[in-house]
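None of the figures in this text is laboratory data; all of them are computed from the coordinates on show. Since the structure is predicted, the reported quantities are computational estimates derived from the model, not experimental observations. Because the Cβ atoms are built from the backbone with ideal geometry, glycine has one as well, and the counts that use them run over all protein chains shown.
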Amino acid sequence: MHNKIARAVKQTMVGLGLGALLLTPAMAGDIYKTVDAQGNVVYQDTPPQDGQAQRLSRRTQATNQDQVAKVNEQLAASRKIYEEQKKDSSLSRAQAADLVEQRASNCEKARTRLEKAVTSRRIYEDTGDGERRYFSSEEQDAYKSKAQSDVDEWCN
């Protein structure tokens, strides 16, 4: 466990060292990369006395402000597109949730209708004037069949 922590600290320090080198102002000269006896990578600006180092040339150039502005514009455009897609995605999730809820509601209604169709001795419809019209045997069979197909459609 201690070795893992030490290794993580060492890697962090090397990364910070590299980052510091990359962020330093442009200077002339070279950097030398060596590996010490413990296997640690060491960067320095002077060659080691034993002469066993990899010489890394540093190239410097001025920052192109136009290119930076262009990249920033592209990032802003990408951010805007991302936010719009995120908004659309949440809208789609809401729509999907509504559809799931509607499907569950329709399933419940279809099951209730099928249960009544199967358990009722006689099936009827209201005529609108307070009277009932009772279904014939063929109409009852069609009603039950339709109720079963509705259950199959909404509940499966």
Report summary line: Among 110, 127, 95, the residue whose Cα sits farthest towards the positive end of the charge dipole of segment 70-151 (+1 at Cβ of Lys and Arg, -1 at Cβ of Asp and Glu, taken about the Cα centre) is 95
Query raised in the report: segment 133-156 to segment 56-85: how many Å between their Cα centroids?
Result: 65
Report summary line: The ratio Rg/Rh over the Cα atoms of segment 68-120, Rh being the Kirkwood inverse mean 1/r radius, stands at 1.56
Report task. For segment 22-145, count all C-alpha to C-alpha pairs, find those more than 24 Å apart, and express that count as a whole percent of the total. Result -> 71
Query raised in the report: Given H placed on each backbone N at 1.01 Å, which residues far from residue 124 in sequence or on other chains put an amide H within less than 5 Å of it?
Result: 135
